[in-house]
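What follows is a short report on a single structure.
Each value in this text was obtained by applying a stated rule to the coordinates, not by laboratory testing. These figures come from a predicted structure and were not determined experimentally. With ideal geometry, Cβ positions are generated from the backbone for all residues, glycine too; neighbour counts draw on all protein chains shown.
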Amino acid sequence: MSYLLCIETSTTNCSVAITNHERIIALSEDYNDSYSHAERLHVFIKEVIASAGITMRDIAAVAVSKGPGSYTGLRIGVSAAKGLCYALDIPLISVPTLLSLSKQVEAKIGEFIIPMLDARRMEVYASVFSSDYEVVRKTNAEILDASSFSEYLEQGKVHFIGNGVEKFSKICEHPNAIFISKKLPSANEMATVVYSKFSSGSFEDVSYFEPYYLKDFVAG
């Protein structure tokens with residue numbers, strides 16, 4: 001069996017899962033509005049290992065959400081993942097944060113999924129995916145206005161999901177917009193992507209891998 005450890009820390013949700021093939025067999029997360037990664041991440045790793053009834057030596061690879069997202073959150077998750085890969089001599093897998101977030105939506109053929117993460121003020125990190133989670137438009141940092149994403153909204157229903165949705169829903173009145181609020185990336189949606197990358201040997205260089213910040217860190 002290929003047990004894979006999945007780590008998601010790109011937002012306030014500190015989330016860890018154990019997968020076997022494409023199935024989640026253990027999940028621990030702290031789905032709230034405050035950061036608890038430094039305190040909870042390694043606790044959650046121990047919890048999912050125990051819940052799955054395995055040991056750390058049974059882990060075949062570690063997967064981590066690569067970003068974009070919180071600078072500090074991404075640093076904590078990637079540092080932990082790389083440390084485990086070094087210690088266990090196992091490969092590292094990265095998962096685009098917005099891809100796994102999009103997998104919380106089940107859209108119909110012809111519809112779009114736009115995951116968006118808050119990037120302060122009226123800016124978001126956003127990607128556009130088709131109903132089968134193929135990339136339609138790569139990840140950008142963009143300033144929202146009433147006409148944002150109009151080229152997709154004119155084509156049909158668009159599902160917006162993530163913690164950037166609340167501010168966009170206040171300025172977008174298009175009838176094709178579907179807003180899914182209070183959702184954050186979770187390790188629960190990483191399984192299919194991680195297993196596909198593991199099976200194809202799509203691994204990162206543990207020594208040189210860095211999170212995808214998209215923008216430079218600005219101290220707040």
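Here are the numbers:
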| item | result |
| --- | --- |
| Taking the chain and dividing mean pair separation by its residue count, relative contact order in percent (alpha carbons under 8 Å, at least six apart) | 23 |
| Two-site FRET efficiency, R23 against V135, from Cβ-Cβ distance with R₀ of 25 Å, rounded to 0.05 | 0.50 |
| Cα centroid separation - the stretch 1-58 against the stretch 120-196, whole Å | 25 |
| Taking R121, R137 and counting other C-beta atoms within 10 Å, the order from fewest to most | R121, R137 |
| Label-reachable residues, the stretch 111-141, where backbone N falls under 15 Å from a point 7 Å from E166's Cα toward its Cβ | 116-124 |
| Residues T9, T192, T139 arranged by fewest to most Cβ contacts within 10 Å | T192, T139, T9 |
| Cα-projected label distance for T72 with A38, points at 7 Å along beta-carbon direction, nm | 0.7 |
| Sorted by Cβ neighbour density within 10 Å, fewest at the top, the residues L27, L98 | L27, L98 |
| Mean ellipticity per residue at 222 nm, deg cm²/dmol - from DSSP H runs of n ≥ 4 across the chain, formula -39500 (n - 2.57) | -8000 deg cm²/dmol |
| Gain on full stretching of the segment that runs from M56 to S196 - 0.36 nm per residue minus C-alpha separation | 48.3 nm |
